[in-house]
Amino acid sequence: MRILVLGSGAREHAIVDALLADPAGHEVLASPGNAGIAQVCECVDIGDIADDEAVADYVMGSTIDLVVIGPEAPLIAGVADAIRERGIPVFGPGRAAAALEGSKAFAKAVMAEAGVPTGRALRAATLAEAEEALDELGGPYVVKADGLAAGKGVLVTEDRAAALAHATAYLERGSVLVEEHLTGREVSLFFLSDGHSVLPLSPAQDYKRLLDGDQGPNTGGMGAYSPLPWLSDAFGGEEAFVRTVLETVALPVVRRLEQEDTPFIGLLYCGLIVEGADIRVIEFNARFGDPETQVVLPRLATPLGRLLFAAASGELEGMPWPEFRDEAAVGVVLASEGYPDAPITGRPVYGFGDALGVPGVRISHAATATREGSDDLVTTGGRVLTVVALAEDFREARSRVYQAVDALDLEGGQYRTDIAAEAAS
Ligand code: AMP
Ligand code: GLY
């Protein structure tokens, strides 16, 4: 197949790598891609990837068999609809279904209709309503912007004044949700959906805070690991957990959207909180998660291209669950100095040869570019890349991943040192 992957992050790099690893031997193109993706496939400039007509025109003129949309912005802009209308298979939901990610209020409404377990939430459009909601649900307070907020829309705090200030900031741009505070362990579980049937991938854990010990500000994600050994203790095996989430969360949501004639075709990211045997949804995303994808896809044994094409073509029914290698994968994000508030960019990164020389290590690039007139890579954003190591167990995977991270040289580079520490102990 000739497959076009839209996006430019570490997630898209991991998707491209997995597609290129298929025995079927696909031709993979990326747009816009980044310096790391350009090392493994052709990157094409098709302009703004959130411009639905421009993307659809390019796809029509380029004999593409499958389009895979990485980030949320093009999905919410309706790029998948424009491509699908032209009869080309596309892995990614249309605008209406992508609202599961684009509007937290919509997601809560779908969950209520589908009977999916989640925390209580109250919508507030004014300061008075926000105050009332905070007092009704009590602390710790959880306040979320309703729309997309680039990872900055959520505040969890004991401080009522801070919660109210956060609400005030986002009320200027729309409504906010005040949510019941949920406790437990967070799990990200991805499902491939063809609009009717779903197939699960393997669970992962994301580390959202900047600093070790879950301190510091929220980020786009500083690391991840997969699988989650502790799930087996709680649920008698990963499969039992995954089946429960499939039956109580993913399938009811997908069937609900199918009934509404707004089918969800693509990746349903279930952000869950698990306490004992109780599973509740924190959020949905309408695309692969980052950095979880970087640790989930390298463990996938079933060819990815076939799975994504089957989902895009309405052919998942009756297919066996994707298979995963029994290896531990640990991913550590290297971020720029100043991330997340004011990342310093344009700095060179050295040491790729040594890092990639560590057994079982791969690197998914996010914010890298080549410096004109040299082979050096320079940073272009906050989260620069994800180093991922696979090994037989977490202890070895952690040792490898940190050996590789230490081999990289980025002035002011930041990373967490405790990714998967618990899984390795
Ligand atoms: P979200 O963008 O909705 O994933 O929220 C970002 C992070 O905030 C989550 O990963 C959780 O750590 C935390 N969070 C969000 N909602 C809640 C909640 N209702 N209770 C506790 N923590 C939450
Ligand atoms: N890992 C969080 C996200 O992709 O939104």
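Give the relative contact order (percent, whole number) for region 310-425; include only Cα pairs under 8 Å separated by 6+ residues. Before the final figure, lay out the partial values.
Values: 220 pairs, mean separation 41.5, N = 116.
Once normalised by length, the contact order is 36 percent.
Could you estimate the translational diffusion coefficient of region 107-225 from the Stokes-Einstein equation, with Rh from the Kirkwood formula over C-alpha pairs, at 20 °C and 1.002 mPa s, in whole µm²/s? Numbers along the way, then the final one.
Values: Rh = 15.9 Å.
Estimated via Stokes-Einstein, D reaches 135 µm²/s.
Apply the Kirkwood formula to region 360-425: the hydrodynamic radius equals the inverse of the mean of 1/r over all pairs of different alpha-carbon atoms; give it in Å with one decimal. Don't skip to the end; give the middle numbers.
On the way: mean 1/r = 0.0763 Å⁻¹.
In region 360-425 this quantity evaluates to 13.1 Å.
For a quick check of understanding: with a 1.4 angstrom probe and all protein chains in place, what accessible area in square angstrom does V358 have, to the nearest ten?
It works out to around 10 Å².
Apply the Kirkwood formula to region 321-361: the hydrodynamic radius equals the inverse of the mean of 1/r over all pairs of different alpha-carbon atoms; give it in Å with one decimal. Could you put the intermediate results ahead of the total?
On the way: mean 1/r = 0.0733 Å⁻¹.
Hydrodynamic radius (Kirkwood, Cα pairs) of region 321-361 is 13.6 Å.
Please turn the phi angles of region 317-334 into ³J(HN,Hα) values with the Karplus equation 6.51 cos²θ - 1.76 cosθ + 1.60 (θ = phi - 60°), one per residue in order, whole Hz, x for glycine and proline.
4, x, 6, x, 4, x, 9, 10, 5, 7, 9, 8, 10, 10, x, 10, 8, 9
Using the charge dipole of the chain (Lys, Arg: +1 at Cβ; Asp, Glu: -1 at Cβ; taken about the Cα centre), state which of V388, G373, G216 has its Cα farthest towards the positive end.
With unit charges placed on the Cβ atoms, the residue in question is V388.
Viscosity 1.306 mPa s, temperature 10 °C: what is the translational diffusion coefficient of region 291-425 from Stokes-Einstein with a Kirkwood Rh over Cα pairs, rounded to a whole number of µm²/s? The partial results should precede the final answer.
On the way: Rh = 16.2 Å.
Here the translational diffusion coefficient equals 98 µm²/s.
Given a Förster distance of 30 Å, report the FRET efficiency between E85 and E113 from their Cβ-Cβ distance, rounded to the nearest 0.05. All intermediate terms of the calculation are to be shown ahead of the outcome.
Values: r = 27 Å, r/R0 = 0.89.
Efficiency computed from Cβ-Cβ geometry: 0.65.
From the phi angles alone, apply the Karplus equation (6.51, -1.76, 1.60; θ = phi - 60°) to region 83-88 and give each ³J(HN,Hα) in whole Hz, x where the residue is Gly or Pro.
6, 5, 4, 8, x, 9
For a quick protection proxy, order the peptides 225-233, 330-338 by their average other-Cβ count within 10 Å, most packed first. Before the final figure, lay out each step's value.
Values: 225-233: 19.4, 330-338: 25.2.
So the peptides 225-233, 330-338, ranked by packing, come out 330-338, 225-233.
Can you give the relative contact order of region 140-232 as a percent, counting alpha carbon pairs under 8 Å and 6+ residues apart?
Numbers: 145 pairs, mean separation 20.1, N = 93.
Answer for region 140-232 is 22 percent.
Could you estimate the translational diffusion coefficient of region 41-93 from the Stokes-Einstein equation, with Rh from the Kirkwood formula over C-alpha pairs, at 10 °C and 1.306 mPa s, in whole µm²/s? Can you show the working numbers first?
Values: Rh = 10.9 Å.
Translational diffusion coefficient: 145 µm²/s.
Return a whole-number percent for the relative contact order of the chain, with Cα pairs under 8 Å and 6 or more residues apart as the contact set.
Values: 1043 pairs, mean separation 71.0, N = 425.
Result for the chain is 17 percent.
Give the shape of the chain as rounded, prolate or oblate, defined through the alpha-carbon gyration tensor: a ≥ b ≥ c are the square roots of its eigenvalues, a/c under 1.5 means rounded, and otherwise the shape is prolate if a/b is larger than b/c and oblate if not.
On the way: a/c = 1.32, a/b = 1.14, b/c = 1.16.
It is rounded, given that a/c, with a ≥ b ≥ c, falls under 1.5.
How do M319, M111, M60, M1 rank by accessible surface area computed with a 1.4 Å probe, from largest to smallest? It would help to have the intermediate numbers written out before the result.
On the way: M319 45, M111 5, M60 100, M1 70 Å².
Final ranking, largest accessible area leading: M60, M1, M319, M111.
Under a plain spin-label model, where a point goes 7 Å from the Cα along Cα-to-Cβ, how far apart in nm are N218 and A24?
Here the modelled spin labels are 3.7 nm apart.
Using amide H atoms built 1.01 Å from N in the peptide plane, name the residues 5+ places from V5, or on other chains, whose amide H lies under 5 Å from its own.
It is L29, A30, S31, V68, by chain and number.
From the C-alpha coordinates alone, can you work out the Kirkwood hydrodynamic radius of region 51-128, in Å? It would help to have the intermediate numbers written out before the result.
Working: mean 1/r = 0.0705 Å⁻¹.
Taking the inverse mean of 1/r over all distinct Cα pairs, region 51-128 comes out at 14.2 Å.
Leaving ligands, DNA and RNA out of it, work out the accessible area of L127 with a 1.4 Å probe and give it in Å² to the nearest 10.
Surface open to solvent at L127 totals about 80 Å².
Have a look at region 5-119 and give its Rg and Dmax from the Cα atoms, expressed in angstrom.
15.5, 46
Which order do you get for L251, L6 if you rank them by accessible area with a 1.4 Å probe, largest at the top?
From most exposed to least exposed: L251, L6.
Going from most exposed to least, what order do E186, E372 have by accessible area with a 1.4 Å probe?
On the way: E186 90, E372 180 Å².
Largest accessible area first, the list is E372, E186.
What do you get for GluC sites (Glu not before Pro) in region 106-177 restricted to DSSP loop and a cutoff of at most 13 other Cβ within 10 Å of the site's Cβ?
Values: sites: E113, E129, E131, E132, E136, E158, E172; in loops: E158, E172.
Passing both the DSSP loop test and the Cβ count: E158, E172.
Each residue of region 182-191 in order: what ³J(HN,Hα) in whole Hz does its phi give by Karplus 6.51 cos²θ - 1.76 cosθ + 1.60, θ = phi - 60°, with x for Gly and Pro?
Result, rounded to whole Hz: 9, 10, x, 9, 8, 9, 9, 10, 9, 10.
Project the alpha carbons of region 262-340 onto their principal axes and report the range along each, largest first, in whole Å.
Per principal axis, max minus min of the Cα coordinates gives 46, 29, 28 Å.
For the modelled label position 7 Å from the Cα of R325 along Cα-to-Cβ, which residues of region 25-57 have backbone nitrogen atoms closer than 18 Å?
Answer for this model: 25.
The values are calculated or read from the model by the stated rules, or taken from the named source; none is laboratory data. Since the structure is predicted, the reported quantities are computational estimates derived from the model, not experimental observations. Methodologically, a virtual Cβ is constructed for each residue, glycine included, from the backbone with ideal geometry; neighbour enumeration extends over all protein chains shown. Protein only, heavy atoms only, side chains kept; ligands, DNA and RNA dropped before computing areas. Shrake-Rupley method; radii C 1.70, N 1.55, O 1.52, S 1.80 Å.
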